[in-house]
1. Based on the mean of other beta carbon atoms within 10 Å per residue, what is the order of 70-81, 30-41, most packed first?
2. Between Arg42 and residues 5 or more places away or on another chain, which pairs have amide H atoms under 5 Å apart, with H built 1.01 Å from N, and which residues are they?
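All of the numbers you see were taken from the coordinates with simple rules; none came from a lab. Quick caveat, the model's predicted, so the values are computed rather than measured. Methodologically, a virtual Cβ is constructed for each residue, glycine included, from the backbone with ideal geometry; neighbour enumeration extends over all protein chains shown.
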Amino acid sequence: MSKTSLNQDELYFKIADVAHQIGIVPATIRNWEKQGLFQAKRSEKGYRVYDLDDIEQLRSIKQLSKDKSMGINAIRMFRRRNPEETGRAGAGGREAVVSKRL
């Protein structure tokens, strides 16, 4: 569990808020992290925090998992081969609307 120096100019969101916005439960995000699909940033106190780019990555994982019925290994492989399609390739997710701020 590595703590990240967080940029004070960025918006960061709690796991519950992100999960609600995406339409999943927080345990799903924790499981994806445990399975190596995603690495959350940590606050100084060790809490998981997410910025808008992270939310887009999680939306992509949800789409592959839930909507396209892909398993963990298939998602991992897809994300390695297609980084531009998995929410990691730029600021396309900046338009995401998230209602709560940390």
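1. Those peptides, ordered most packed to least, come out 30-41, 70-81.
2. Thr4, Val49
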